[in-house]
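The values are calculated or read from the model by the stated rules, or taken from the named source; none is laboratory data. It should be emphasised that the depicted structure is a prediction, and the values quoted were computed from it without experimental measurement. Cβ coordinates were reconstructed from backbone atoms using ideal geometry, including for glycine residues, and neighbour counts include every protein chain displayed. All accessible areas refer to the heavy atoms of the entire protein, side chains included, with ligands and DNA or RNA removed. Shrake-Rupley method; radii C 1.70, N 1.55, O 1.52, S 1.80 Å.
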Amino acid sequence: MVPADSAPALLVALGAALAIVALASLPSGSRLRRLYGVDDGDDTGARANAAVLAGTGAFLLGLAAAIRLELPDRLVAAGALGVAALGTVVLGWLVRYRDRRELLTTPDVSRERARRLGGAAMLTGALLCLPLAGVLLGASESAIAAAALGVAAVAGLLIALAYR
């Protein structure tokens, strides 16, 4: 188990690492582009992936700041779940309805599979509202954890079905 005092430091390290990876993947010919399956000449795809990485890093830095400022646990949980739900729905919408397949981590995914994956992401974002409602309504920690684990299981199933 990680001590509570080191949690913000770990979040800052991970958030900063994601931001560094995002910046390092922008130049043409970057090894990082090839690592996550973007062609050297695909600047649009590299920028899209970098934006997702940088956004995730910023989210983690914000979460670390909220913990460091000792904001109430329920407020931090509600904020994190709300941002995650909204971000997942937006990402799914971009993939499904705007054909932004480059946002997916799978290179060269078909349009139909991308539509299914985008729909699965949108459903996952909507399902994240269940533990969010638990936090907002003052449910017990075990009920919120059970809801979050249930969402993770259903999301995994949705994504697996969409990927087939």
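Quick look at the values:
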quantity: Within a Gaussian network of the chain (alpha carbon springs, distance under 10 Å), most fluctuating of LEU60, LEU23, LEU136; calculated: LEU136
quantity: Kyte-Doolittle mean at least 1.0 and Cα axial length at least 27 Å: DSSP H helices in the chain; calculated: 73-97, 141-163
quantity: Globularity index of the chain, i.e. its alpha-carbon radius of gyration over 2.2 N^0.38 Å; calculated: 1.12
quantity: Heavy atoms of ILE20 accessible to a 1.4 Å probe, total area in Å² rounded to 10; calculated: 110 Å²
quantity: Largest to smallest accessible area among LEU75, LEU158, LEU61 [probe 1.4 Å]; calculated: LEU75, LEU61, LEU158
quantity: Simple label model, 7 Å out from Cα along Cβ direction - ALA146 to VAL83, nm; calculated: 2.9 nm
quantity: Accessible area, probe 1.4 Å, largest first, for residues VAL90, VAL135; calculated: VAL90, VAL135
quantity: Most to least accessible of VAL12, VAL109 (protein chains only, probe 1.4 Å); calculated: VAL12, VAL109
quantity: Accessible surface, segment 29-164, averaged per residue in Å² (probe 1.4 Å); calculated: 58 Å²
quantity: Accessible-area value, ASP73, 1.4 Å probe, nucleic acids and ligands omitted, Å²; calculated: 130 Å²
quantity: Neighbour-limited loop hits for trypsin sites (Lys or Arg not before Pro), segment 72-109 (at most 12 other Cβ within 10 Å; DSSP other than H, G, I, E, B); calculated: ARG98
